[in-house]
Every structure is written in C-alpha cells, then in structure tokens.
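Working notes, beginning with the structure itself.
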Amino acid sequence: MGKDNSTRQDIYTRITNQIIESLEQGIKPWTQPWNAAHAAGHVSRPLRHSGEAYAGINVLTLWASAMSGNYTAPIWMTFKQALALGGCVRKGEKGSPVVYANSITRTEADETTGEDTDRTIPFLKAYTVFNVEQIDGLPAHYYATAAQEQNPDQRDETAERFFAATRAEIRHGGDSAYYSPALDYIQMPPFEAFRDAQSYYATLAHECTHWTQHANRLDRDLGRKRFGDDGYAREELVAELGAAFLCADLGLALEDRADHADYIGHWLAVLKEDKRAIFTAAAHAQRAADYLSGFQAQDVAVA
C-alpha cells in the first residue's frame, strides 16, 4: 500500500512540477500550443492515435509538452502503438507523461459482522506517449498539413450555436466581462469591441465556465470568500482551464488575456502548496466543459 501511495504521489508531483515550470516562465500551458500548420490542429485538444481526444489533466500535460517541444501536431501515441502503425520513435526522443485513473472493487470480510463487503479502491497509473513529430514512418495522414484558415473576424456559426444552446443569460454592453453569481447572468462587451472573434468566444467560454458553478448547475464551491483569496484563485484556474477545453473542442484559438497575467502568481502559490490542486482544477474544468457540451445534445433532441 505504501508503495502505491508513493508512486501516486510521484505522479502528482511530476505533473504539477511540469505545470509550475511553465507558469514560472510566464507561460500558461493551457493556451493553445499548436497552430493550423497541421490538419488536426483545428481540433487542438491532444488526440490519441485513434483520434479520440484526451481529457482532464492529460490535456494540460500534453499541451505543456507540445509547447516545450514546439510540436504543431496534436496527436500522441505510445512506443508500442507507433511500432504497430509501422513507425519508430527517433532515438533520444523524450516521452511525455499521461495518467489513467480508474478503480477496482475488492471483496473483504467486515471486521464487525464477518460478512463480505465490496470496497472500491481508486488507482492512478502513469504511462508515456510521444508526439507524432517524434516518430518516423507513420502513415501519411498523421503528418497531414492544414487547409486555409477561415476569416477570424467573422462570427463562428458553430460557436454561436454552442453558447446559445446553454440558454445562459448573456448580456452585452460596457467594457467588462464577468459572471454575476448573485444575479446569475454573464456580462460581455459587444462582439465588435474584441480584437477578433477568437478573443470574444474565448472570453465567453471563460465566463460560461464560471456560470456552471451555480447551485442549480454543478454547485461548485471552492471556498471563495473575497476577491483575490485562495478560493478565488482556484475558481479562476477552473475557468481558465474550462475555456481552454471548450476552445479546443470548438476549434478556436485561446490567447492570453492581459487581465489574467496577474493571476499567475496566485496560481503558483496554490500549486506549490497543494500538489493535487491542478488535478482538481482540471477535473472541475472537464466537468464544466462536459456540462456545457451536454446542452448540444438536448438542443438537437428538441429540434
């Protein structure tokens, strides 16, 4: 048991330190790390070799690895998967960590009654993957380049439908973007006031992630008591990651917002104090993204 706990803690520490290293360099590893040079780049979530998207903490670790390695392709696979596809990881290439979380059920005798009871035991397993740009000999489509990008200053119909389906109250006007928990509405500057459409939707994704914290939705309370405290920093981190996940799913670029540069110090303090904080934030962000995406299925069913 002690060895399992030690191994799990090593995983938490390794991945948290990877995120801290990026933040200390002033880089947020959840900002889109690849560009439209790759055909799959418009998806921008890291993908398994099968095309399935990674989720939660694995999104952050692979984004961070893509940034440090300057990879434009969002596709990753294990050494064995590369071999099975006819490829070979180049000698000297360093892999990137990902984790697999699950649980097992064990039947044990109750100490009091002697009856058999089932106990669920969670576990976390780490393994290593490589970006396709670290691998030679793969089928051509893994290296495919992208078609011409769309005009970023036009409204994106997919994004418009996505946010409209949430039925969130989104008000436009003024020069501030925020979510009001007390009145349960999102305030956004006019679309025209943003530098480009990407910036508008990224900001809206951030505020919609905040919107999911309401008691009638995900009921997320991270202990915020006042502006700038530990709970505030944790909620802002969730909103940052939620926006990153949503933009990735919608094929939108996520660029740094000037007003969030000040948060990096707060996030560093939280992450250095609690090695599980980034895992928790990523899990909350994934739940928020899944919750918001769930409205799409409802919208299709109604239609």
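Bear in mind that the values in this text are calculations on the coordinates, not laboratory data. Just so we're clear, the structure is a prediction, and the values are computed from it rather than from any experiment. Here the Cβ positions follow ideal geometry from the backbone for every residue, glycine too, while neighbour counts run over all protein chains shown.
Panel order for Glu111, Glu24, by other beta carbons found within 10 Å of each beta carbon, from fewest to most: Glu111, Glu24.
Put in order of Cβ neighbour count within 10 Å, fewest first, the listed residues Phe194, Phe162 become Phe194, Phe162. Ranking of Trp63, Trp267 by neighbouring Cβ atoms within 10 Å, starting from the fewest: Trp267, Trp63.
Compute the relative contact order of segment 158-303 as a whole-number percentage, counting only Cα pairs closer than 8 Å that sit 6 or more residues apart in sequence.
Values: 169 pairs, mean separation 34.0, N = 146.
Relative contact order of segment 158-303: 23 percent.
Multiplying the residue separation of Glu111 and Leu268 by 0.36 nm and subtracting their alpha-carbon distance yields 52.1 nm.
Segment 264-279 and segment 93-125 have Cα centres separated by 27 Å. Applying 1/(1 + (r/R0)^6) with r as the Cβ-Cβ distance of Arg195 and Gln296 and R0 = 35 angstrom yields a FRET efficiency of 0.80.
What net charge is computed for the residues neighbouring Met188, neighbours being all others with C-beta under 12 Å from the C-beta of Met188, Lys and Arg scored +1, Asp and Glu -1?
Working: positive: Arg171; negative: Glu169, Asp175, Glu192, Glu207.
Summing Lys/Arg as +1 and Asp/Glu as -1 gives -3.
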